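Shown next, in structure tokens, is the structure this report addresses.
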Amino acid sequence: MTRYSAWAVFKNGLSGQKDWTRQWRDPEPKKSYDVIIVGAGLHGLATAYYLAKNHGVRNIAVLEKGWLGGGNAGRNTTIVRSNYMMPGNRQFYEHSLQLWENLSHDLNYNVMFSQRHHVSLLHSPAARDAAARRYNTMRLTGSDGELWDLPTLKAEIPHLNYENARFPIIGAAVQKRAGNARHDAVAWGYARGADGFGVDIIQNCEVTGVTRENGKISSLQTSRGVIGANKVGFAVAGNTSRLWQMAGLGRLPIETHKLQAFVSEPLKPLLDHVVVFGVGGAHFYISQSDKGGMVFGGDLDWYKSYAQRGNLPIVQDVAECATSIMPCLGRVRLLRHWSGVMDMSMDGSAFICKTPLENLYLNGGWNYGGFKASPASGWYFADLIANDRPDPVISNLDLDRFRRGVCIDERGAGPDPKLHG
Amino acid sequence: MIRINCPFCGERDHSEFGYGGDASIEYPPLDAPMEDWHDAIYLRENIRGMQAETWHHVNGCRMWLVVERDTMTHEIKSVRPAHAGNAAVLANSAPGDKS
């Protein structure tokens with residue numbers, strides 16, 4: 001693996017850029033592996049990377065039915081933040097943000113992580129009080145957060161709708177260390193890093209069956225043959241239930257819903273921050289990509305679906321939100337929109353846990369928030385697989401938490417998956 | 001846009017409806033063991049394919065419906081009233097009478 005550096009750029013410039021090596025191999029699957037991760041998305045690739053780097057496991061395969069990073073890794077709005085308040089989530093997402101802060105150096109790959117501030121608009125004294133509680137909790141637990149009054153917000157982001165808004169803006173809750181990153185680069189960086197440790201990333205390899213023996217998984221049937229495994233990790237959020245049932249394990253506290261995201265035609269620099277608008281049933285978040293496109297999204301499509309295509313009423317909802325909060329976007333043309341399918345869980349929080357099968361581990365239930373979580377998700381999932389016990393930080397991210405009366409419900413929305421957006 | 005053929009109002013855009021969820025869930029008796037309630041509240045089959053689900057015609061007749069819909073293709077196979085009483089009313093009304 002070529003280590004990327006200014007020197008490497010210079011040297012390859014002298015030889016006409018012909019000597020760069022592949023970023024990762026395209027290996028044939030071996031007969032068996034110590035660990036098989038199903039799903040080469042951000043979570044699966046990060047898991048393989050940290051299994052190799054932190055725990056010295058080398059004989060790993062990551063199986064992917066399509067191409068790596070082609071699922072939800074490429075279908076999100078790339079927002080990274082840690083403004084979670086519930087015990088467990090708080091430590092987990094803060095750790096994730098800390099991993100993001102050093103990710104480009106760690107991977108020797110520029111993931112274009114940009115700490116451009118996450119600005120949640122506030123529209124009522126009650127919302128400000130709730131934000132004060134949440135952001136004070138963050139400050140007391142090793143993170144950053146602050147409240148902006150209206151003059152501060154106007155100075156930072158002058159072109160929001162301060163004049164005629166249906167819900168007047170009174171300020172904002174801000175996490176300055178939050179921001180966004182380049183989604184493909186994260187997938188590629190983790191893939192290249194894992195491959196550098198000898199991990200086999202096997203694309204176009206769909207798992208079609210699970211063979212069980214004595215309460216364990218002995219092998220996986222795939223579109224590229226049978227592959228044996230000592231340990232198996234599922235990291236296929238969106239399709240977790242399908243693999244779960246393939247393994248004969250029945251039902252899960254998960255429903256699959258789809259979420260759309262949008263990008264406009266490229267504009268000159270307009271918005272330096274990630275801005276979030278949520279009041280009275282509206283839900284909207286927007287940032288500007290480095291190419292200039294306005295990247296934004298809103299609510300779920302509201303009904304269960306595995307189809308990776310969005311419906312039109314949500315396009316209208318989101319467009320209305322966009323123009324209500326940034327009227328200057330009224331004449332901007334939409335370039336494209338896409339939809340990802342996601343595991344919506346019963347309390348809006350994820351699962352990184354052991355399963356009823358001795359050597360099967362589950363990573364799923366990421367709801368809206370999988371992108372920002374991916375470094376810590378891989379970190380703790382790798383730790384779980386390597387040591388066969390959950391780290392205290394993820395001890396409540398198991399499937400049995402509802403039986404214990406533990407709901408990690410940041411929104412207080414109750415056990416209805418579609419409400420946890 | 002999904003079009004749902006409401007038995008009371010005729011074919012309407014899905015944006016007139018509120019989504020309920022998996023219609024196969026049956027809540028146990030109030031004094032049932034906690035485990036039964038856990039399973040009914042929290043566990044889902046999460047079918048990829050044809051599933052029965054409840055929709056509420058909230059901006060129409062306000063009736064709850066059971067819709068058989070494919071969660072992959074969004075094709076709708078059948079729509080019927082969710083409650084037996086409503087189905088009986090519909091069965092007794094004259095053909096074409098949607099009042």
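The values are calculated or read from the model by the stated rules, or taken from the named source; none is laboratory data. Everything quoted here is computed from the prediction, not taken from an experiment. All Cβ positions, even for glycine, are placed from backbone atoms using ideal geometry, and neighbour counts span all protein chains on display.
Here is how the numbers come out for the structure above:
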item: Residues of the range B:27-45 that turn out to be within 11 Å of chain A (Cβ to nearest Cβ), in contact with a Pro (Cβ under 9 Å, 6 or more places away or on another chain) and acidic (Asp, Glu), as a count; result: 1
item: Residue within the range A:29-52 that is of a type in the set (Asp, Glu) and over 26 Å from A:Asp383 (Cβ atoms) present; result: no
item: Matching option when the condition is out of contact with any Leu (no Cβ under 6 Å at 6 or more places or on another chain) and crowded, with 16+ Cβ neighbours inside 10 Å, among A:Gly250, A:Gly196; result: A:Gly196
item: Unmet criterion (only one of (1) crowded, with 19+ Cβ neighbours inside 10 Å; (2) modelled with pLDDT of 95 or more; (3) part of a loop (DSSP other than H, G, I, E, B); (4) within 14 Å of chain B (Cβ to nearest Cβ)) for A:Gly421; result: (2)
item: Residue among A:Lys65, A:Lys30, A:Lys18, A:Lys53 that is among the charged types (D, E, K, R) and either assigned to a helix (DSSP H, G or I) or surrounded by 24 or more Cβ atoms within 10 Å (Cβ to Cβ) (or both); result: A:Lys53
item: Residue tally, condition within 17 Å of the chain's Cα centre (by Cα) and part of a loop (DSSP other than H, G, I, E, B), over the range A:227-266; result: 5
item: Selection from the range A:33-46 of residues that are farther than 17 Å from A:Ser104 by Cα and in a helix (DSSP H, G or I); result: A:Gly44
item: Scope the range A:397-414; condition within 24 Å of A:Val38 (Cβ to Cβ) and either surrounded by 17 or more Cβ atoms within 10 Å (Cβ to Cβ) or of a type in the set (Ser, Thr, Tyr) (or both); matching residues; result: A:Leu397, A:Asp398, A:Leu399, A:Arg401
item: Neighbours by Cβ (under 9 Å, 6+ apart or cross-chain): first from the range B:3-26, away from chain A (no Cβ under 13 Å); second in a helix (DSSP H, G or I); result: B:Cys6/B:Glu16; B:Pro7/B:Asn86; B:Pro7/B:Ala87; B:Pro7/B:Leu90; B:Phe8/B:Asn86; B:Phe8/B:Leu90; B:Cys9/B:Glu16; B:Glu26/B:Ala40
item: Total residues in the range B:46-67, condition in a loop (DSSP other than H, G, I, E, B), buried (at least 16 other Cβ atoms within 10 Å of the Cβ) and facing chain A (nearest Cβ under 10 Å); result: 3
item: Test: residue in the range A:204-222 that is farther than 14 Å from A:Glu64 by Cβ, surrounded by fewer than 19 Cβ atoms within 10 Å (Cβ to Cβ) and touching a helix residue (DSSP H, G or I) at 6+ places or on another chain (Cβ under 7 Å); result: yes
item: Residue count for the range A:64-94, restricted to those that are over 15 Å from A:Gly145 (Cβ atoms), under 14 Å from the mean Cα position of the chain (by Cα) and of a type in the set (D, E, K, R); result: 1
item: Residues located in the range A:50-80, provided they are under 16 Å from A:Asp184 (Cα atoms) and either touching a Phe, Trp or Tyr at 6+ places or on another chain (Cβ under 6 Å) or among the β-branched types (Val, Ile, Thr) (or both); result: A:Arg75, A:Asn76, A:Thr77, A:Thr78, A:Ile79, A:Val80
item: Among the candidates A:Ile201, A:Ile254, A:Ile227, residue that is closer than 30 Å to A:Ala319 by Cα and either more than 14 Å from chain B (Cβ to nearest Cβ) or modelled with pLDDT of 95 or more (or both); result: A:Ile254
item: Every residue from the range A:68-96 that is polar (S, T, N, Q) and in a loop (DSSP other than H, G, I, E, B); result: A:Asn76, A:Thr77, A:Thr78, A:Ser82, A:Asn83
item: Of residues in the range A:294-303 being touching a His at 6+ places or on another chain (Cβ under 6 Å) and under 21 Å from B:His56 (Cα atoms), the one nearest to the other protein chains (Cβ to nearest Cβ); result: A:Leu300
item: Verdict on B:Gly85 being assigned to a loop (DSSP other than H, G, I, E, B), farther than 25 Å from A:Gly238 by Cα and under 15 Å from the mean Cα position of the chain (by Cα); result: no
item: Single unsatisfied condition, A:Thr240 versus (1) at positive phi; (2) at the interface with chain B (Cβ under 10 Å from one of its Cβ atoms); result: (1)
item: Looking only at the range A:223-245, and only at residues there that are β-branched (Val, Ile, Thr) and surrounded by 23 or more Cβ atoms within 10 Å (Cβ to Cβ), the one that is nearest to A:Arg58 (Cα to Cα); result: A:Val232
